[in-house]
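Peer 1: Below is one structure. I have some questions about it.
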Amino acid sequence: MKYLENCYNKLLNQEKREKRILEEATWYTDNRSSIRDVADNFMVSKSTVYDDFTIRLKALDYDLYKEAMSILHYNNIHSYEKMIANKSYNKTR
């Protein structure tokens, strides 16, 4: 009986995790925000959100995965550009 209970609990946890991942990705694509914003909104760590998007989401909803990866890539490029611009600005001071 305990074995069945453990299996049931694992299945429930997996369903909750999958639901959260899909909700995170939908929120992220709708708001086109940052990983940090998603983490704050869903009260999980940034590394959890990143793993959810880059690893787990692909198996759940490939189209949503592609859209989230597109936004993530865009954000990473612009983040890098801001960092470079900031370094250049600080050198001229």
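Peer 1: Output the relative contact order of the chain, whole-number percent, from Cα pairs under 8 angstrom with separation of 6+ residues.
Peer 2: 24
Peer 1: About the Cα centre of the chain, what is the dipole size in debye to 20, counting +1 per Lys and Arg Cβ and -1 per Asp and Glu Cβ, all else neutral?
Peer 2: The calculation lands at about 520 debye.
Peer 1: Take the chain, connect every pair of alpha-carbon atoms lying under 10 Å apart with a spring to form a Gaussian network, then pick out the residue of E67, E24, E15 with the largest mean-square fluctuation.
Peer 2: Of E67, E24, E15, the most mobile in the Gaussian network model is E15.
Peer 1: How many percent of the accessible area of the chain is carbon or sulfur, using a 1.4 Å probe?
Peer 2: 52
Peer 1: How high is the FRET efficiency between S70 and K2 when r is their beta carbon distance and R₀ equals 41 Å, given to the nearest 0.05?
Peer 2: 0.35
Peer 1: To test your reading of the geometry: what angle, between 0 and 90 degrees and rounded to tens, separates the Cα axis of helix 2-31 from the longest principal axis of the chain?
Peer 2: Roughly 30 degrees between the two axes.
Peer 1: Just flag the trypsin sites (Lys or Arg not before Pro) in region 1-87 sitting in loop per DSSP whose Cβ has no more than 14 other Cβ atoms within 10 Å.
Peer 2: Answer in residue order: R32.
Peer 1: What residues have an amide H closer than 5 Å to that of V44, excluding those fewer than 5 places away on the same chain, when H is modeled at 1.01 Å from N in the peptide plane?
Peer 2: Amide H to amide H, under 5 Å and 5 or more residues apart or across chains, V44 pairs with nothing.
Peer 1: Quick one: accessible area per residue over the chain, 1.4 Å probe, rounded to a whole number of Å²?
Peer 2: So the chain comes to 77 Å² accessible per residue, rounded to a whole number.
Peer 1: Helix-only estimate, please: 222 nm mean residue ellipticity of the chain, summing -39500 (n - 2.57) across DSSP H runs of length 4 or more and dividing by its residues, to the nearest 500.
Peer 2: Rounded to the nearest 500, it is -28000 deg cm²/dmol.
The values are calculated or read from the model by the stated rules, or taken from the named source; none is laboratory data. Just so we're clear, the structure is a prediction, and the values are computed from it rather than from any experiment. Cβ: placed from backbone, ideal geometry, glycine included. Neighbour counts: every protein chain shown. SASA here: full protein model, heavy atoms, side chains in, ligands and nucleic acids out. Shrake-Rupley method; radii C 1.70, N 1.55, O 1.52, S 1.80 Å.
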